[in-house]
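J.: Sharing a structure with you now.
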Amino acid sequence: MELQTYSGPIVQLKNVTKVIGKRTIIDQLTLDLPEAEVFGFLGPNGSGKTTTIRMMVGLMALTNGDVIIRGHSIRTEFEKAIRHVGAIVENPEMYKYLTGYQNLLHYSRMVPGITSQRIDEVVELVGLTSRINDKVKTYSLGMRQRLGVAQAIMHKPSLLILDEPTNGLDPAGIRELRDYLRKLAKEDGITVFVSSHLLSEMELMCDRVAIIQSGKLIDVRSIRHEGEAAAAVSNVLFEVDKPDEALRLMASSYPGVPAQNGVTFMVDRDTIAAINTELVNAGLKVYGIRILNKSLEDQFLEMTGGENIV
Amino acid sequence: MFDFLLLVRNENMKLYRRVRTWIMLGMITLLVLAISIIAKIVSDGDVDNWSMMSIETMVLFQLVTIFTVVVSADSVAGEFSTGTIKLLLIRPWSRSKILLSKYISLLMFALVQAALLYVLTFVVNMLLFGYGGSIVAQETFNSNMNPLGYMLVYYFYQFLGLIIIVTMAFMLSTVFRSSGLAIGLSIFLLLGGSTIAGMLSMLDYAWVDYILFLHLNLTQYMGGSESSGMTGEGMTLGFSLSVLAVYYVVFIALTWLIFNKRDVAA
């Protein structure tokens, strides 16, 4: 039943554990990655992100637990499981003395069914057409990153794993990569697994984020994107000249909390306008209205207890 | 099977797209030319092509071994130090097969060099010194065999020794994941090994007979099956081959075992 109409999670991490010496690097990590989502893997430096990824792609042995990719165990059916995976682990290290094309040719020979048209197509997709016949040692970091993406998607994987993909990219490159990854997930149904310690980046890129600290999974939460925000209640700061008066005025209808330079209310979008009208009608000066969204960063720091990196 | 040949093709591409490889092949060519031309100028015409071919082979086969050791020591360790091993191992191929494709391409590289050396030393010396007939050859080699056939047997014995050294370098490369250490250690053992072995062979212990370096130079058996070299009395070709075979199996087993088990954290 599972194999023919497989619609469950593409990847399952089951009690994944890694012990090196006496240290438990990864502690019973259990995680399901759904289809067609950009899934973020967030944690401070040294929390075990890269180790987890290395275990997912079979570069490191699991001390305990298993990783199931499309129904195949990475431990016992490595070749079947890894066929569905494309990855960049840490930096996109390529053979520098070969050209970009020769690098792709090299990896294309290792998976059956990759035609030379497919290679050209992927080169075009990542925008390297004009430089593909140059040696990789002449490439900039951004171009190597693109070549890395090309080799990872060449065989049409169902799981794309990128370890810190925005490292060394300029803002334009980051934005381009972000858009591209979202497109891969939405249009081609690929599950993209991205690790990062850059919180703001993850917020923009991912549908869901798993947070890991000291090898333990702390939380998995989905991230709201624009459009869903309208109906939601958020914490709104009104900057006014007389905060006390504003508080008293609104006390009956909307209970507020005094804040620096103003008052905050927990209200939805429409109410913001209503409160504003009332304040202005009462003769108060409103200097600014701001939604105090708790950013992922705040939540993250809250959860991981600040700089408590072990 | 066809797919596996593609892996070997990949390894060959990585080998022959490097300038280093062509410098090595170029050096072999140049040295053969240089030695022969100098011999031609210096000699008074009493040199024949067979003795030149034999001398050059003796010297330059050592170089072929060193080149192959350098390339094989770098083969696995290089992928680790540049980090490319990670992208190489996340393909639908077992680690054993990837390692085997590397090993095969290395042996092919050794074969290419040996063939180049054989053809060059024959052709160049024949052009410079003329073709010495069978009587000349018999005098040079002290054997009734066809001279080219004799050289072929000589190459074969040398090649067996080369395989052992190269396999050892390949093992060191896999164990230490450091090209420098693997190259240094292999060449030290290759060059210093015979000296150490020579000293040890004077000792009167039974285990001395089983030291690898006493058996690497199989050409010492070419006069007959009894050893004529420093290995001393009592050694036979069969005994040397058995000792080498045991070392070979151990090297190969360790290499594959370690490569398969090891966590890749480069």
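J.: Counting only residues that are more than 20 Å from A:Pro92 (Cβ to Cβ) and touching a residue at least 40 places away in the same chain (Cβ under 8 Å), how many does the stretch A:46-63 have?
T.: Qualifying residue count for the region: 5.
J.: Kindly list, by first and then second residue, each pair from a residue in the stretch B:95-109 that is on the phi > 0 side of the Ramachandran plot to a residue that is surrounded by fewer than 17 Cβ atoms within 10 Å (Cβ to Cβ), limited to pairs with Cβ atoms under 6 Å and residues at least 6 apart or on different chains.
T.: Filtered contacts from the stretch B:95-109: no entries.
J.: May I pose another question? Would you please name the residue that is most open to solvent (accessible area, probe 1.4 Å), looking only at residues in the stretch A:109-144 that are of a type in the set (D, E, K, R), away from chain B (no Cβ under 14 Å) and touching a residue at least 12 places away in the same chain (Cβ under 8 Å)? If you could, list the steps in order and put the result at the bottom.
T.: Let us first name the residues in the stretch A:109-144 that are of a type in the set (D, E, K, R), namely A:109, A:118, A:120-121, A:124, A:131, A:134-135, A:137, A:144.
After this cut, where a residue has to be away from chain B (no Cβ under 14 Å) as well, the list is A:118, A:120-121, A:124, A:131.
Now drop any that are not touching a residue at least 12 places away in the same chain (Cβ under 8 Å), which leaves A:118, A:131.
Numbers: A:Arg118: 35, A:Arg131: 72 Å².
In this case the residue turns out to be A:Arg131.
J.: Go through the stretch A:68-84 and report how many residues are over 21 Å from A:Gly215 (Cβ atoms), more than 7 Å from chain B (Cβ to nearest Cβ), in a loop (DSSP other than H, G, I, E, B) and under 27 Å from the mean Cα position of the chain (by Cα).
T.: 3
J.: Out of the residues in the stretch A:145-170 meeting the condition of being open to solvent by 50 Å² or more (accessible area, probe 1.4 Å) and at pLDDT 85 or above, tell me which one is nearest to A:Val67 (Cα to Cα). Before you say what the answer is, go through the steps one by one.
T.: Of the stretch A:145-170, the ones open to solvent by 50 Å² or more (accessible area, probe 1.4 Å) are A:146, A:156, A:167-168, A:170.
Checking which are at pLDDT 85 or above leaves us with A:146, A:156.
Working: A:Arg146: 27, A:Lys156: 20 Å.
Going through the qualifying residues, I end up with A:Lys156.
J.: Further, regarding this structure: Between B:Tyr210, B:Tyr154, which is aromatic (Phe, Trp, Tyr), open to solvent by less than 40 Å² (accessible area, probe 1.4 Å) and out of contact with any strand residue (DSSP E or B) (no Cβ under 6 Å at 6 or more places or on another chain)?
T.: Details: B:Tyr210 fails: open to solvent by less than 40 Å² (accessible area, probe 1.4 Å).
Residue meeting the stated conditions: B:Tyr154.
J.: Now, a different point. Would you mention how many residues in the stretch B:64-109 are of a type in the set (Ser, Thr, Tyr), open to solvent by 10 Å² or more (accessible area, probe 1.4 Å) and at the interface with chain A (Cβ under 8 Å from one of its Cβ atoms)?
T.: Of the residues in the stretch B:64-109, 2 are of a type in the set (Ser, Thr, Tyr), open to solvent by 10 Å² or more (accessible area, probe 1.4 Å) and at the interface with chain A (Cβ under 8 Å from one of its Cβ atoms).
J.: Exactly one condition in (1) buried (at least 21 other Cβ atoms within 10 Å of the Cβ); (2) hydrophobic (A, V, I, L, M, F, W, C); (3) farther than 21 Å from B:Val71 by Cα is not met by B:Met171; state its number.
T.: Single failed check for B:Met171: (3).
J.: On to the next question. Might you let me know whether the stretch A:57-67 holds any residue that is of a type outside the set (Gly, Ala, Ser) and more than 14 Å from chain B (Cβ to nearest Cβ)? Show your work before the answer.
T.: Step one: filter the stretch A:57-67 for residues of a type outside the set (Gly, Ala, Ser), giving A:57, A:59-60, A:62-64, A:66-67.
Then drop every residue that is not more than 14 Å from chain B (Cβ to nearest Cβ), which leaves A:64, A:66.
Yes, because at least one residue in the stretch A:57-67 is of a type outside the set (Gly, Ala, Ser) and more than 14 Å from chain B (Cβ to nearest Cβ).
J.: Moving on to the next point. Out of everything in the stretch B:17-55 that is within 14 Å of chain A (Cβ to nearest Cβ) and of a type outside the set (Lys, Arg), what residue ends up being farthest from B:Val123 (Cα to Cα)? Give the steps one after another, and end with the answer.
T.: Here is the first cut: in the stretch B:17-55, the ones within 14 Å of chain A (Cβ to nearest Cβ) are B:17-23.
Next, from what is left, pick out any that are of a type outside the set (Lys, Arg): B:19, B:21-23.
Working: B:Val19: 26, B:Thr21: 23, B:Trp22: 21, B:Ile23: 21 Å.
Ranking the qualifying residues of the stretch B:17-55, first place goes to B:Val19.
J.: Got a number for residues in the stretch B:31-77 being under 30 Å from B:Thr255 (Cα atoms) and of a type in the set (Phe, Trp, Tyr)?
T.: Number of matching residues: 2.
J.: From A:Gly227, A:Gly283, which residue is out of contact with any Cys (no Cβ under 7 Å at 6 or more places or on another chain), open to solvent by 40 Å² or more (accessible area, probe 1.4 Å), at pLDDT 80 or above and in a loop (DSSP other than H, G, I, E, B)? Show your work before the answer.
T.: Details: A:Gly227 fails: at pLDDT 80 or above.
So the residue among A:Gly227, A:Gly283 that is out of contact with any Cys (no Cβ under 7 Å at 6 or more places or on another chain), open to solvent by 40 Å² or more (accessible area, probe 1.4 Å), at pLDDT 80 or above and in a loop (DSSP other than H, G, I, E, B) is A:Gly283.
J.: Related question: Quick test for you: out of A:Val267, A:Val263, A:Val240, A:Val236, pick the one residue that is more than 35 Å from the chain's Cα centre (by Cα), under 17 Å from A:Gly288 (Cβ atoms) and surrounded by 16 or more Cβ atoms within 10 Å (Cβ to Cβ).
T.: Numbers: A:Val267 fails: more than 35 Å from the chain's Cα centre (by Cα); A:Val263 fails: more than 35 Å from the chain's Cα centre (by Cα); A:Val236 fails: more than 35 Å from the chain's Cα centre (by Cα).
Every option except A:Val240 fails the conditions.
J.: What single numbered condition from (1) assigned to a helix (DSSP H, G or I); (2) of a type in the set (S, T, N, Q); (3) modelled with pLDDT under 80 fails to hold for B:Asn125?
T.: (3)
J.: Would you confirm whether or not the stretch A:94-108 contains a residue that is away from chain B (no Cβ under 13 Å), of a type in the set (A, V, I, L, M, F, W, C) and surrounded by 15 or more Cβ atoms within 10 Å (Cβ to Cβ)?
T.: no
J.: Among the residues of the stretch A:185-204, is there at least one that is open to solvent by 40 Å² or more (accessible area, probe 1.4 Å), of a type in the set (A, V, I, L, M, F, W, C) and out of contact with any strand residue (DSSP E or B) (no Cβ under 6 Å at 6 or more places or on another chain)? Please lay out each step first, then the result.
T.: If we filter the stretch A:185-204 for residues that are open to solvent by 40 Å² or more (accessible area, probe 1.4 Å), which is where we start, we get A:186-188, A:197-198, A:200, A:203-204.
Still in the list and also of a type in the set (A, V, I, L, M, F, W, C): A:198, A:204.
Retained after the next criterion (residues that are out of contact with any strand residue (DSSP E or B) (no Cβ under 6 Å at 6 or more places or on another chain)): A:198, A:204.
Within the stretch A:185-204, one or more residues are open to solvent by 40 Å² or more (accessible area, probe 1.4 Å), of a type in the set (A, V, I, L, M, F, W, C) and out of contact with any strand residue (DSSP E or B) (no Cβ under 6 Å at 6 or more places or on another chain).
J.: In this structure, does A:Ala87 turn out to be in contact (Cβ under 8 Å) with a residue 60 or more places away in the chain and not in a strand (DSSP E or B)? Let's see the steps before the verdict.
T.: On the way: in contact (Cβ under 8 Å) with a residue 60 or more places away in the chain: yes; not in a strand (DSSP E or B): no.
In short, no.
J.: Does the stretch B:126-136 contain any residue that is within 21 Å of the chain's Cα centre (by Cα) and either more than 28 Å from A:Thr76 (Cα to Cα) or buried (at least 20 other Cβ atoms within 10 Å of the Cβ) (or both)? Give the steps one after another, and end with the answer.
T.: Taking the stretch B:126-136 and keeping what is within 21 Å of the chain's Cα centre (by Cα), we get none.
Within the stretch B:126-136 (the criterion being within 21 Å of the chain's Cα centre (by Cα) and either more than 28 Å from A:Thr76 (Cα to Cα) or buried (at least 20 other Cβ atoms within 10 Å of the Cβ) (or both)), the answer is no, since none of the residues qualifies.
The values are calculated or read from the model by the stated rules, or taken from the named source; none is laboratory data. Keep in mind it's a predicted model, so treat the numbers as computed, not measured. Note that each Cβ is placed from the backbone with ideal geometry, even for glycine, and that neighbours are counted across all protein chains shown. Remember, those area values only see protein heavy atoms, side chains included, never the ligands or the DNA or RNA. Shrake-Rupley method; radii C 1.70, N 1.55, O 1.52, S 1.80 Å.
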